[in-house]
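Contents: one structure, followed by commentary.
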Amino acid sequence: MADIAKLSINGTAYDLKDNSARNTANAAVSEANYNRQQSGNVYAGRSIAATFQGEIGSTGIYKWLQSRVRNANFEGLRIGDYIDVPITEGANVPAQTVRYMIGAIDQYYQCGDQATGHHVIMVPRAPVSVKGDKASNGSYLQWRETNDNNGTADEKHPYLVSKLHDWEINDFLQALPADLQAVLMTRRALLEERYSSTTKLSESGSWSWAELGKVWSPSEMEVYGCVIWGTKGYSVGFDSQFPIFSDTAHRIMGTRITWWLRSVSGVSSVNACFVNNSGAASYSVPSGDWIRPRPCFLIG
């Protein structure tokens, strides 16, 4: 079809196109299409690097995104858009490329005991592989080597003394690109406590604010939007469901690989919570050797 931009009358050219209106209309159509895909849970996400290539320029994608976030400029960023992050091989981390998706935007802005700044939560598309001395069953990771979901006298938060979190902080974080590490926010959460000097507890009986560090696993609440196997109250008092997990499909993203949560079971003194390969909430002994981590982080 002919695309006529100008009309000449008596030697004078008159514009027929209103490029501004056309661009606005195209943007509206694109946004409507995105909303339709999102409402039907079929939005595949876009590469942030490719979509914003001209804007990113020589800044580097991680520093560019941090600047955008700190200025609360989320225009064009959508839940499910992604960055492919190269992971450097380490003693307990194999070389791999992990697709990190935007899982939430300003989920905890101004919340917490210390007001949280603007941020995006980045979630791996799939659980990641482990290797070396900390790996089990080839490429999986135990939540803890002993079948005990209690904290200790020195650290009452069970998650913070887990093998899972030790691997996240001491292995996986170090394997991330240095320029990505530089833009990560330390996460604070109202974390469940479970410890008694006289007996093993089968549910958490308190909570307190604690730092999760720069890499961490989601809670049961952040994935399912409610307590299922965790402790009512103490395990879900602050967290909220990430938009990326509003449908069951995004819990497994077609991979059907089980992955750990940071929450511990509220029905035993042994088990820890995980997402099973059907997407359902479940729990296992911490020494289970067929579950992988799905480490998340905040950029801001």
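Computed values, structure above
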{"read-out": "Search result, residues across the range 266-285 that are closer than 18 Å to GLY225 by Cβ and open to solvent by less than 10 Å² (accessible area, probe 1.4 Å)", "value": "CYS273, PHE274, VAL275, GLY279"}
{"read-out": "Residue match in the range 78-90 (condition: of a type in the set (S, T, N, Q), surrounded by fewer than 22 Cβ atoms within 10 Å (Cβ to Cβ), within 27 Å of GLY279 (Cβ to Cβ) and out of contact with any Phe, Trp or Tyr (no Cβ under 8 Å at 6 or more places or on another chain))", "value": "no"}
{"read-out": "Matching residues in the range 241-263 - criterion: being closer than 27 Å to ASN150 by Cβ and either among the aliphatic types (A, V, I, L, M) or surrounded by fewer than 17 Cβ atoms within 10 Å (Cβ to Cβ) (or both)", "value": "LEU261"}
{"read-out": "Of all residues making up the range 189-207, the number that are under 22 Å from the mean Cα position of the chain (by Cα) and surrounded by fewer than 20 Cβ atoms within 10 Å (Cβ to Cβ)", "value": "1"}
{"read-out": "Residue in the range 286-295 that is closer than 30 Å to LYS63 by Cβ, in contact with a helix residue (DSSP H, G or I) (Cβ under 8 Å, 6 or more places away or on another chain) and open to solvent by less than 10 Å² (accessible area, probe 1.4 Å) present", "value": "yes"}
{"read-out": "Qualifying positions in the range 156-182 - open to solvent by less than 50 Å² (accessible area, probe 1.4 Å), over 18 Å from SER284 (Cβ atoms) and not in a helix (DSSP H, G or I)", "value": "HIS157, LEU176, PRO177"}
{"read-out": "Hey, GLU192 in a strand (DSSP E or B) and without any contact (Cβ under 8 Å) to a residue 40 or more places away in the chain or not", "value": "no"}
{"read-out": "ASP179 farther than 25 Å from ARG70 by Cβ and of a type in the set (D, E, K, R)", "value": "no"}
{"read-out": "Residue among SER197, SER240, SER235 that alone is under 14 Å from PRO158 (Cα atoms) and of a type outside the set (Val, Ile, Thr)", "value": "SER235"}
{"read-out": "The range 87-133: number of residues that are within 22 Å of GLY237 (Cβ to Cβ) and assigned to a loop (DSSP other than H, G, I, E, B)", "value": "11"}
{"read-out": "Answer from ALA104, ALA115, ALA95 - the residue that is closer than 30 Å to SER67 by Cα, among the hydrophobic types (A, V, I, L, M, F, W, C) and open to solvent by less than 10 Å² (accessible area, probe 1.4 Å)", "value": "ALA104"}
{"read-out": "Cβ pairs under 9 Å, 6+ apart, first in the range 42-57 and under 20 Å from VAL123 (Cα atoms), second open to solvent by less than 30 Å² (accessible area, probe 1.4 Å) and modelled with pLDDT under 95", "value": "TYR43/TYR34"}
{"read-out": "Tally of residues being open to solvent by 10 Å² or more (accessible area, probe 1.4 Å), touching a residue at least 60 places away in the same chain (Cβ under 8 Å) and under 17 Å from LEU184 (Cα atoms) across the range 209-240", "value": "1"}
{"read-out": "Top-ranked residue in the range 130-152 [being of a type in the set (S, T, N, Q) and open to solvent by less than 30 Å² (accessible area, probe 1.4 Å); ranked as nearest to PRO293 (Cα to Cα)]", "value": "SER139"}
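The values are calculated or read from the model by the stated rules, or taken from the named source; none is laboratory data. Given the structure is predicted, the values throughout are model-derived calculations rather than measurements. Neighbour counts run over all protein chains shown; Cβ positions are idealised from the backbone, glycine included. The accessibility values were calculated without ligands, DNA or RNA, using every heavy atom of the protein model including side chains. Shrake-Rupley method; radii C 1.70, N 1.55, O 1.52, S 1.80 Å.
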